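Colleague: Sharing a structure here in structure tokens format.
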């Protein structure tokens, strides 16, 4: 499937993303915004990432939750931690992707996906300082469910010690974004008389479902009901 929309994303002015051999776009460069604001926007929209790491000589890609605080990506990563203990200095790759729709063209070759994605490279460090670990876990929790950190009981010392948290700098990252309709509207296939366009995809939150063991009379907190009432979340 080809996903090359010709219109570039318009990025807000600001800091630029670093250009390294790993982050440089080698194809569809018009889909690669270079402004740091584009990275921040992709990370802010989600809470689930995929962590790629070598474990015992085998490449693994693990889904896990994350939180971004502007300069650091905090990742819940026990699998990666095992690898880092065995091989300090090991690089990882973290990806975040939001699918916005299917691009259905007149030919299968021109089909594609509208999406926003980010890749972050680097050597993560295990977070061992109790204060930073608390701050990082707060970042993860609030990224997924804003308001939940102040509502629920926070981790105690034993739970903190049993939790693995990794910190990864956002200094080396790349972003790709594809938007818009198919690219074959002005080509020979336009004469086929076939429908073409975009099938949008939206992820929405449903009503809170209570734990079956929850005593009667305990209502879900306002920050959860407000989200269910109308918030749409990609990713």
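All of the numbers you see were taken from the coordinates with simple rules; none came from a lab. All of these numbers come straight from a predicted model, not from anything done at the bench. Here the Cβ is made from the backbone with ideal geometry for all residues, glycine too, and neighbour counts use every protein chain on show.
Colleague: Modelling each spin label as a point 7 Å along the Cα-to-Cβ direction, I'd like the residue 131/residue 228 distance in nm, to one decimal.
Modeller: The answer from the label model is 3.8 nm.
Colleague: Which of the peptides 182-188, 111-117 is most tightly packed, and how do the rest follow, going by the mean number of other Cβ atoms within 10 Å of each residue?
Modeller: In descending order of packing, they fall as 111-117, 182-188.
Colleague: Need one word for region 39-171: rounded, prolate or oblate. Basis is the Cα gyration tensor (sqrt eigenvalues a ≥ b ≥ c); a/c below 1.5 gives rounded, then a/b vs b/c decides.
Modeller: Cα axes put region 39-171 in the oblate bin.
Colleague: Here's something else I'd like to know. Starting from the Cα-Cα distance between residue 71 and residue 156, subtract it from 0.36 nm times their residue separation and give me the gain in nm to one decimal.
Modeller: The residue 71-residue 156 span can extend by a further 28.0 nm.
Colleague: Taking the simple approach of a point 7 Å from Cα along Cα-to-Cβ for both residue 164 and residue 54, what is their distance in nm?
Modeller: 1.7
Colleague: Same structure again: Calculate, for residue 95 and residue 15, the FRET efficiency according to 1/(1 + (r/R0)^6) with r their C-beta to C-beta distance and R0 22 Å; round to the nearest 0.05.
Modeller: 0.55
Colleague: If you take the beta carbon distance between residue 213 and residue 149 as r and set R0 to 35 Å, what does 1/(1 + (r/R0)^6) give as a FRET efficiency, to the nearest 0.05?
Modeller: Result of the calculation: an efficiency of 0.95.
Colleague: Based on alpha-carbon centroids, what's the gap between region 101-161 and region 166-235 in Å, whole number please?
Modeller: Rounded to whole Å, the Cα centres lie 15 Å apart.
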